[in-house]
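Q: One structure coming up, written as structure tokens, with questions to follow.
Only the coordinates and a few stated rules stand behind these numbers; no lab work does. Just so you know, these numbers come straight off a predicted model, no measurement behind them. Glycine also receives a Cβ, built like all others from the backbone with ideal geometry; neighbour counts cover every protein chain displayed.
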Amino acid sequence: MIWKPLQPRNSSSYLQRNMRLLIIFFLSASLVIGGGMFKFSRDDSFRIQSVSAQTLRPEEAAAMVYEKLSYLPRENRYIRKDTGAIDPLQTLISRFIRYHRDLKRREPSVPLDWKITLADYLGVNESMKESRYPGSSTLQSNPLTSDVEAIQGLNRHQRQELVDLLVSIYAPRQKKLKLPTIQTESTPELSQPTPTIGPGLSKPGDADLLKL
């Protein structure tokens, strides 16, 4: 048996082919990761996936709310204890979100939970303590009383808009699951039982047959 010497592999073409495969892989991965972060709807609003929603700071979510609902009061003229300067990021909505999510540990993607938080501000649910309210330890004056008055000044339609927008920010993207169609086997029709025919009437001459 004659062995043929192995042909040396062209290292240049081999390296180029592998580099092309690596580039295609990284481009595909970046498109998948980047394309799944935001979902734009018809009204140019977007929903953030659950991973991003969990890391979204209340100040960032509040900025999105004020961008859409500019009529909401900001209540951001409070002075910080540590710097002695006004913190413009300390807004009514940022404290509202912190109270809901961090203090009361309520789900930010459930509309009913936001309505329960609104009920606290409206004085018809749980009592709110100044010592635990967001900003009480960092601001020179406690913002609870002013925040409660600001929320109570909103009408029902405005409160509903606030709830809907917060849910759209924090709710993960919902995928409609198409349930498989269950096909049931058709039940075969029951055949009508054949009626049992009894012995026929005796005919003339039948008695003579018994004599055989």
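Q: Sequence-distant or interchain residues sharing an amide H contact under 5 Å with Ile79, placed H: which?
A: The answer is Gln140, Ser141.
Q: While we're looking at this one, here's another question. Ranked highest first by average number of other Cβ atoms within 10 Å, how do 135-143, 61-69, 163-171, 94-102 line up?
A: 94-102, 163-171, 61-69, 135-143
Q: So, one more: Classify the stretch 97-142 from the C-alpha gyration tensor, please: rounded if a/c falls under 1.5, else prolate or oblate depending on whether a/b exceeds b/c.
A: oblate
Q: How much length is gained on full extension from Ile116 to Gln158, taking 0.36 nm per residue of separation minus their Cα-Cα distance?
A: So the chain would gain 13.6 nm between Ile116 and Gln158.
Q: Please give the contour-minus-distance gain from Val148 to Arg105: 0.36 nm per residue of separation, less the Cα-Cα distance, rounded to one decimal in nm.
A: Length difference between fully extended and current span is 13.6 nm.
Q: Please identify every one of the GluC sites (Glu not before Pro) in the stretch 72-178 that sits in a loop by DSSP and has no more than 16 other beta carbons within 10 Å of its own beta carbon.
A: Here the sparse-neighbourhood loop sites are Glu126.
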